[in-house]
Structures are given as structure tokens and as C-alpha cells.
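Asks: Once you've had a glance at the structure underneath, I'll fire off some questions.
The values are calculated or read from the model by the stated rules, or taken from the named source; none is laboratory data. This is a predicted model, so every value here is computed, not measured. Cβ sites come from the backbone with ideal geometry, for glycine too, and all protein chains shown count toward neighbours. Only protein heavy atoms, including side chains, enter the accessible area calculation; ligands, DNA and RNA are left aside. Shrake-Rupley method; radii C 1.70, N 1.55, O 1.52, S 1.80 Å.
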Amino acid sequence: MNQETIAAIATAPGRGGVGVIRVSGSNLLPFAFALSGKTPKPRYATLADFKAADGSTVDSGILLFFPGPHSFTGEDVLELQGHGGPVVMQLLLARCLDLGARLAEPGEFSRRAFLNGKMDLAQAEAVADLIDAATASAARSAVRSLQGEFSRAIGTLNEELINLRMLVEATLDFPEEDIDFLQAADAFGRLDRLQAQLAATFDRAGQGKLLQSGLHVVLAGQPNVGKSSLLNRLAGDDLAIVTPIAGTTRDALRSTIQIEGIPLHIIDTAGLRQTDDLVEKIGIERSWQEIERADVVLLLVEANCGLSTVDREILEKMPPHLQRIVVYNKIDLADRQPERHEEDDGIAISLSARDGKGVDLLRGELLRIAGWHQTEDVFIARERHLRALAQAQEHLLTAGILARHPCPALDLFAEELRLTQQALGEITGEFTADDLLGVIFSRFCIGK
């Protein structure tokens, strides 16, 4: 691979007590000497003055040297720990570039670690997921993936697939033998166990995807039904202005909350109604745009009025695939108790956003829609992982159908097993196109 020396600031922008610059390449000891006048001992903190080209001191700090291949990227790595001022960091980075390094692209350190076999693709992605984790549960799950738990689950599936493929290939290669290889080796039992293991892995990955991306929930309805009050109740803060004046909310308000570690991105929208107010019209158009992108829509209505003709028109206008919950708000004014019930239009929750009664029922329903169930062994996953696992399940299901046919087509059975393994290999990067790698690592932060 390209052995160009790369450098980047690895700490967040802004001022801090310590700032870190990371350098990766080949044979970096001369680079370190030119920068500091010292030859650092591997894996020891060396106190050094970082020098400019004219010999003046740019900064004083700690120099660390990690020789390849025993480093994060698999190459020689230098870490310069200086004072965390933005000007100082830029001056020190400029000196590294003067010495022959180039500015690293987003995610290039992690990409080199992947290409040098220091981690697989699922682990590399977990680095970014750990940095971006919005909840403690998401961070713990990202650490599991970073430590290889997701990859080991995929590896176990691959080993079982390889063993099963060997049996099938043996049957294809020696059709004249009297021994039925598949039956003697319990091939169908192996296939059943593989399907069960794959389903369990898909479930764990699906829970991890929820921890990573969460659920986008839109509050919709006519003016003055309590959307902003419910947003404030769910967020535990006065984020939205609440008044009895129709049209108070003119634009979407957003807040992210946690329910059992799942991030819920709550969006309060403008009241849906006919209006001549130009600004309010724009807000209503944006409300419908948010509804189109939502995972779940909460249609709020007043408990003492019920679903009106306008409310039913709003429901009919929503995308048919969209999950919807009708929320009967203001039960405190209608002398009703909080409850969850089913109606012709779907699930309904009766609650009071003002005093909080029934809000826990809503939280539980959102978790149910998300498909969340509490488990301790979740690993973080992305949409592409779920697609690959779903594809593997489809191929494995087809393989089972072919194998159990009265006249089994073992060559097609073997091909479906191969395609199953290929789909799983896309997760860890065993079978991954270069353009996909470019997309994945371009979303990392610079310096990682």
C-alpha cells in the first residue's frame, strides 16, 4: 500500500490542556530526530522540544514512538503531545508537513490499520461509532465491536459454513461413492444450527443498530393539541414555547432523549391546518417533510374531542408504511385515565403531557415499535451490516430449500452456501469493493 507519511491533529478543535498530533508512515525515526533532535525509545514517553526549521522551539511536550507493525496503523507511528491551543497545534502540524508528511484524509489512519490487517472492517467502523456514541449503552456496544465480538460471531458462522461447504463439495466430487456424506455428517442438522446462529446474530446486530441511530419520532397534529408540551415532557426541559395561541410553533424543534439507552430524536412540528400566514405555511410544509422521513409519527388529538375529520385526513395523507400512534392528550381535562388501546387506526395512548400521566406508556410503546428488548451482549452495527446479514439469511434459506428437495440440486445448494459466506465476508471486509471502503472511511473524523 501507499507508504506516504501522513499527519493530522487527533484532538478536537478548540482550546485544551493537551493537544495531540498523530503521524504515520515508514521509517519515522529520522522524522522524529529532525522534529525534536532526539531519537525516541519505542513505547517510552520522551520529553522533547519540537523545533521549527530555524531551530526555534514551536512547543514543548511528549514524544511517543510506536514502531510498526506493532502500532495502531501497522506502520511506524509518532504521537506528539503538546499544549492544546489551536494556533500551537497548527504550527506543529505545519512543521510536520514541512518535514515531508501530508495531511491525512478523513479516516485514513483507521483505513491503514484495516489494510495492514490490524483490525477488520467491522472493528474499524466501531472506532467511529465509539466516538459518535450518543448514549452510554451505545458506547459499551461499540467497545464490544471494537474488541472483535461482532467479528468473532461472524467468524464462527464462517467456520461452520466452510465445514458444511466441504461436505457438500465432497459429495459433488465423489458422486459414485456409496457413502452419503451429507447424511453421515448431519449436514441438515448443521444447516439448522447455522440458521439459528445467524438469526441470533441478526437480532443482536439489529439491537446495536438501534443504539447507534435511534428512532426518529415526529409529533404531528392540529394546533394547540399539546405537541410542544409533550416535547417538553419527554425532554424534561422547556425547549418549546407553549401558549394557547394557534400557530405558536412555526418551525421544527428537535431534541434527543434516551429510553433504556435508545436515542429518540423527537421533532416537534408546526400545527397542521389551513392558513394564509406565509411563514406558518412554510412551517407546515416542513412538517410534512419531517413526517416523510420519520420512523414513527405521534398524531396528537385532544382527549375530550377525539379524532376529527381533519385528523383522519392527516392520517390518510401519511405514508402507508409509516408507524403511527394516536395520542389522546389532555386526559386531565377529560376525566380519563391513562391507557394503551387498539383502534381501527392503530395503537392509541391516552395521556396528559401537562402532568405526565401515561407518558411511560408512550415510552414503552416507542420501545416496542423499535423492536428493543433488553440484552447485555449487543454489539454496535450499521445499516450495511444488517443488509449483509439479511442477504446471508436469504441465501441460507434458499440453500435449505434446495437441500431438502426430493431431488436435491447439490450444485445449487453449494452455490447458495458460497453466496452466504460472501455476504458475511462483506461485514468484516473479506469481500469488499474499494469504492465502499472509500465511502466508509470518508465519514470518519480527520486524525482517526
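Asks: With a 1.4 Å probe and all protein chains in place, put ASP76, ASP268 in order of accessible area, largest first. Write out the running numbers ahead of the final one.
Replies: Details: ASP76 25, ASP268 0 Å².
The ranking, largest first, comes out as ASP76, ASP268.
Asks: Quickly work out the HIS70-to-GLU313 label distance, labels modelled 7 Å from Cα along the C-beta direction, and quote it in nm with one decimal.
Replies: Each label point lies 7 Å from its Cα, and together they span 7.4 nm.
Asks: How much accessible area per residue does the stretch 300-419 have, counting only protein heavy atoms and a probe of 1.4 Å, in square angstrom?
Replies: Details: 6260 Å² over 120 residues.
So the stretch 300-419 comes to 52 Å² accessible per residue, rounded to a whole number.
Asks: Post the alpha-carbon centroid distance, the stretch 87-138 to the stretch 1-50, in whole angstrom.
Replies: Going from one Cα centre to the other spans 14 Å.
Asks: For HIS83, what residues show an amide H to amide H distance below 5 Å, using hydrogens built from the backbone and excluding near sequence neighbours?
Replies: Under 5 Å from the amide H of HIS83: GLY19, SER60.
Asks: Using a ≥ b ≥ c from the Cα gyration tensor of the stretch 289-386 (square roots of the eigenvalues), is it rounded, prolate or oblate, where a/c under 1.5 gives rounded and otherwise the larger of a/b and b/c decides, a/b for prolate? Don't skip to the end; give the middle numbers.
Replies: On the way: a/c = 2.78, a/b = 1.44, b/c = 1.93.
Because a/c hits 1.5 or more and a/b fails to exceed b/c, the stretch 289-386 counts as oblate.
Asks: Also, I was wondering about something else. Which of the three applies to the stretch 1-108, rounded, prolate or oblate, going by the alpha-carbon gyration tensor with a ≥ b ≥ c and a/c under 1.5 meaning rounded? Spell out each step's value before the answer.
Replies: Details: a/c = 1.43, a/b = 1.20, b/c = 1.19.
Note, shape of the stretch 1-108 comes out rounded.
Asks: Convert each backbone phi in the stretch 20-26 into a coupling constant with the Karplus relation 6.51 cos²θ - 1.76 cosθ + 1.60 (shift: θ = phi - 60°), then list the ³J(HN,Hα) values in order as whole Hz, x for Gly and Pro.
Replies: 10, 10, 10, 10, 9, x, 10
Asks: If you don't mind, there's one more thing I want to ask. Suppose R0 equals 30 Å. What FRET efficiency, 1/(1 + (r/R0)^6) with r the Cβ-Cβ distance, do ARG152 and GLN3 give to the nearest 0.05?
Replies: Details: r = 31 Å, r/R0 = 1.03.
After rounding to 0.05, the efficiency reads 0.45.
Asks: Please give the peptides 114-123, 357-366 ranked by average Cβ packing (other Cβ atoms within 10 Å per residue), highest first, as a rough proxy for protection. Mind showing how you got there, number by number?
Replies: Numbers: 114-123: 19.9, 357-366: 18.1.
Going from most to least packed, we get 114-123, 357-366.
Asks: Suppose the chain between ARG190 and GLU394 were pulled fully straight at 0.36 nm per residue; how much longer would it get relative to their current alpha carbon spacing? Don't jump to the answer; show the numbers that get you there.
Replies: Numbers: separation 204, 0.36 × 204 = 73.44 nm, distance 1.67 nm.
Gain on stretching ARG190 to GLU394: 71.8 nm.
Asks: Label LEU103 and ARG293 with points 7 Å out from Cα along Cα→Cβ: what is the distance between them in nm?
Replies: In this crude label model, LEU103 to ARG293 measures out at 2.8 nm.
Asks: How many nm separate the modelled label positions at ASN116 and LEU386, each set 7 Å beyond the Cα in the direction of the Cβ?
Replies: Simple spin-label model gives 3.5 nm for this pair.
Asks: From the backbone phi of the stretch 417-430, what are the Karplus-calculated ³J(HN,Hα) couplings (6.51 cos²θ - 1.76 cosθ + 1.60, θ = phi - 60°) in whole Hz, Gly and Pro given as x?
Replies: Once rounded to whole Hz, the list reads 5, 5, 5, 4, 5, 5, 4, 5, x, 5, 5, 8, x, 5.
Asks: Turning to a different aspect of this structure: Provide the per-residue ³J(HN,Hα) series for the stretch 96-102, in order, calculated from phi with Karplus coefficients 6.51, -1.76, 1.60 and θ = phi - 60°, each as a whole number of Hz, with x at glycine and proline positions.
Replies: Taking θ as phi minus 60°, the curve returns 4, 5, 4, 7, x, 7, 10 Hz for the stretch 96-102.
Asks: Could you sort 257-266, 193-202, 225-234 so that the peptide with the highest average Cβ count within 10 Å comes first and the rest follow in order? Could the numbers behind the result be given before it?
Replies: On the way: 257-266: 18.6, 193-202: 16.3, 225-234: 23.9.
The packing order, highest mean first, is 225-234, 257-266, 193-202.
Asks: In a shell of Cβ-Cβ distance under 14 Å around ALA52, excluding ALA52 itself, what net charge do Lys and Arg (+1) and Asp and Glu (-1) give? All intermediate terms of the calculation are to be shown ahead of the outcome.
Replies: On the way: positive: LYS51, ARG95; negative: ASP49, ASP54, ASP59, ASP98.
Net charge around ALA52: -2.
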